[in-house]
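Visitor: Here it is, the structure, as structure tokens.
Each reported figure results from applying straightforward, stated rules to the coordinates on display, with no laboratory input. Please read all numbers here as calculations on a predicted model, not as lab measurements. No Cβ is skipped: glycine too gets one built from the backbone with ideal geometry, and neighbour counts run over all protein chains shown.
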Amino acid sequence: MYVARIPNRGSPPAILLREGYREGGKVKSRTLANLTRWAPEKVTALEAVLKGVAVAAVPLEDAFEVLRSRPHGHVAAVVGTLRRIGVETVLDRAPSRLRDLCVGLIAARVFAPGSKLALARALAPQAMTSSLGEVLGIASADEDDLYAAMDWLGERQGRIEAGLARRHFKDGTLVLYDVSSAAFEGRSCPIARLGYPRDGVKGRLQIVYGMLSTTQGCPVAVEVFEGNTADPATLGTQIAKLRGRFKLSRVVLVGDRGMITSARIRQDIAAVEGLDYITALRAPAIKSLVGQGAIQMSLFDDVDFAEITHPDYPGERLVMCKNPAVAAERARKRQDLLEATERALGKIRAATLRDKRALRGTDNIGVRVGKVIGKYKVAKHFTWDISHDSFTYALNHERIAQEAALDGLYVIRTSVAQDHLSAADTVRAYKGLAHAEEAFRYLNMDLEVRPIRHRTERRVKAHLLICMLACHVEWHMRRTLAPMLFSDHDNNTADANRTSPVAPAQRSPAAKAKAATKRTDHGDPVHSFKSLLADLATVTVNRIQPRDHNIPAFDKVTVPTPLQQHAFDLLHVSHRLGYRKA
């Protein structure tokens with residue numbers, strides 16, 4: 001056999017594989033194959049083989065090219081969890097491009113929070129910073145598509161939250177409620193107002209948002225309010241949502257002392273049949289009970305909580321609690337503030353006594369004193385006298401002693417009957433608000449709910465809904481991945497180690513071991529949630545082109561490391577999600 005090149009006038013020559021043979025004493029040839037479409041290097045290699053010349057093997061690294069790698073493992077983990085816990089069907093039972101876009105918005109908020117414009121750029125084929133666009137089929141989406149999906153999602157908020165509530169809330173359930181705020185970029189949103197900055201960002205327009213969650217802190221619903229709305233004023237809409245939209249005939253609402261106030265109880269809660277509450281008394285009310293003798297401080301020599309009733313709170317149970325750890329911390333903090341204030345006031349007094357350029361004038365001295373008092377906020381523990389050329393101050397030891405006597409003391413108030421909820425369970429329910437605060441930390445730190453860059457009310461509300469749903473997904477992922485994280489994954493043991501519901505929470509032995517060794521039970525490095533997602537992102541989808549360009553390119557997913565595979569196993573998700581049916 002041999003390769004023949006046949007001239008073809010003005011066209012490229014025909015390249016044929018031919019075979020010579022004898023017939024009737026004559027030498028003839030016949031064509032076995034047309035190699036004209038073969039790559040030149042392939043024809044050359046075949047010629048060498050036919051001539052018996054040894055052909056050098058193609059180095060393995062030259063046998064193919066990796067055209068592109070897209071981070072994928074974190075996408076598989078988040079999208080797979082989102083689908084497994086049913087968030088996709090809560091958005092809409094019928095598959096659609098709008099639903100896929102919303103899934104993309106929620107998933108990206110978990111592993112790559114940013115603006116909608118940034119997400120559109122990340123989805124573009126020219127950038128494609130992850131496999132999200134390919135997995136969901138939204139790789140061609142632009143910012144207009146994402147904003148249209150936001151509008152579609154916002155219109156469905158009621159049905160979405162009702163679907164989540166059916167899964168997590170039952171009649172008689174305890175519901176945690178808390179609020180936070182988020183600052184704005186810009187000044188054109190109609191609900192943006194100057195208000196109390198719960199996020200610490202002062203002097204900027206903001207919105208207030210309230211979130212309903214389970215006793216374990218799983219977010220279920222979110223509501224947006226104007227930025228100057230006080231915490232108690234948000235309560236009425238949440239009650240209407242629980243009773244109307246969620247159809248709960250009996251529910252116990254758990255909120256802090258600044259949320260469920262006496263005024264709110266009278267105006268919004270007392271008239272609603274089947275609605276109970278758990279909250280706490282404010283400091284002046286506690287001080288009044290102590291002054292009346294209703295709370296005997298000597299009682300806490302033997303116990304750290306006790307239940308009483310009082311005529312000022314008809315139909316309610318009061319659970320008095322004394323936490324020594326909180327008392328010690330408050331005493332330390334108060335002492336630090338007093339010492340800092342004394343040092344600052346001492347400098348002002350010294351300025352009035354110096355020989356040169358002494359501080360003079362009642363107004364001038366008063367302004368300096370006001371700045372110090374405003375900074376440390378312990379004015380009630382000082383007395384002072386200001387004149388034109390002098391300033392004196394002293395600690396009010398009597399008031400300090402009165403406040404110190406109440407350190408670590410708090411009183412929980414509830415309308416739930418004792419046969420439905422014991423005093424100990426009431427304390428546990430109120431302390432469960434820590435889980436709601438943890439969810440807000442996820443929103444603010446991991447999911448970057450702030451600052452808000454949207455300009456219309458409906459887009460702001462849709463943005464908060466996306467963040468809440470992302471927090472819902474992250475909450476489930478954190479619970480499932482807890483054995484690999486610094487989180488406590490043995491809560492039953494941790495609770496069993498507590499001597500009292502009032503006592504500070506204790507980490508389980510498993511959590512302490514992880515913190516000490518920085519290793520999991522399997523011997524793997526312990527991760528934070530974000531660092532684990534970054535680790536999973538190294539599982540990539542690689543576009544591979546064989547050296548023979550007649551063979552089409554194909555995708556190949558990286559084989560996970562044992563640690564990564566353990567994470568996928570815990571999540572019950574395939575690392576090949578979107579590229580091979582699990």
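Visitor: Span-like helices, the chain: DSSP H, alpha-carbon axial extent 24 Å or more, mean Kyte-Doolittle -0.5 or greater, which ones?
Guide: Helices meeting the criterion: 324-353, 457-481.
Visitor: Sort the following peptides by mean Cβ neighbour count (other Cβ atoms within 10 Å, averaged over residues), highest first: 78-84, 142-148, 30-36.
Guide: 78-84, 142-148, 30-36
Visitor: Mind giving me the nanometre distance, one decimal, between the label points for residue 458 and residue 337, set 7 Å out from Cα along Cα→Cβ?
Guide: 4.6 nm
Visitor: Need the full-extension length gain, residue 118 to residue 565, defined as separation in residues times 0.36 nm minus the C-alpha distance. One decimal, nm.
Guide: Result for the pair: 157.9 nm of gain on full extension.
Visitor: So what does log10 I(q)/I(0) come out to for the stretch 461-576 at q = 0.09, 0.10, 0.13, 0.19 Å⁻¹, using the Debye formula with one equal point on every Cα and no solvent?
Guide: Calculated log10 I(q)/I(0) at the listed q: -0.39, -0.46, -0.68, -1.05.
Visitor: Between residue 580 and residue 405, what FRET efficiency comes out of the Förster formula 1/(1 + (r/R0)^6) with R0 = 56 Å and r the beta carbon distance, rounded to 0.05?
Guide: After rounding to 0.05, the efficiency reads 0.25.
Visitor: Moving on to the next point. Testing the spin-label approximation: label points 7 Å from Cα along Cα→Cβ at residue 544 and residue 144. State their distance in nm.
Guide: So the two model labels end up 4.0 nm from each other.
Visitor: Same structure again: With the radius of gyration and the Kirkwood radius both derived from the Cα set of the chain, what is their ratio Rg to Rh?
Guide: Rg/Rh for the chain comes to 1.17.
Visitor: Using the beta-carbon distance between residue 396 and residue 363 and R0 = 30 Å, what value does 1/(1 + (r/R0)^6) give for FRET efficiency, to the nearest 0.05?
Guide: It comes to 0.80.
Visitor: A follow-up question, please. Quick query: amide H of residue 68 versus all other amide H atoms, modeled in the peptide plane; which residues come in under 5 Å with a sequence gap of 5 or more or a different chain?
Guide: Hits under the 5 Å cutoff: 543.
Visitor: Here is a follow-up. Can you list residues from other chains, or at least 5 along the same chain, whose modelled amide H is less than 5 Å from the amide H of residue 486?
Guide: 527
Visitor: A further question follows. Using 0.36 nm per residue, how much length does the chain from residue 6 to residue 530 gain when fully extended, once their Cα-Cα distance is taken away?
Guide: 182.2 nm
Visitor: Out of residues 5 or more away from residue 178 or on other chains, whose amide H comes under 5 Å of its own, with H placed 1.01 Å from N in the peptide plane?
Guide: 211
Visitor: Give a residue-ordered list of calculated ³J(HN,Hα) values for the stretch 257-263 (Karplus: 6.51 cos²θ - 1.76 cosθ + 1.60, θ = phi - 60°; whole Hz; x for Gly, Pro).
Guide: Rounded to whole hertz, the list is 5, x, 9, 9, 8, 4, 5.
Visitor: How much of the calculated P(r) for the stretch 2-56 lies past 14 Å, in percent of all Cα pairs?
Guide: Within the stretch 2-56, distances greater than 14 Å cover 60 percent of Cα pairs.
Visitor: List, in the order given, every pair from 202/241; 356/380; 333/356; 322/377 whose Cα-Cα distance in the structure shown is over 26 Å.
Guide: In this structure, 202/241; 356/380; 333/356 lie more than 26 Å apart at Cα.
Visitor: How high is the relative contact order of the chain, in percent, with contacts defined as C-alpha pairs under 8 Å that are six or more residues apart?
Guide: 19 percent
Visitor: Could I ask something else about it? 7 Å from Cα along Cα→Cβ at both residue 299 and residue 270: what's the point-to-point distance in nm?
Guide: 2.4 nm
Visitor: Oh, and also: Express in nm, to one decimal, how much length is gained between residue 48 and residue 388 on full extension, taking 0.36 nm for each residue of separation and deducting their alpha carbon distance.
Guide: Length difference between fully extended and current span is 111.6 nm.
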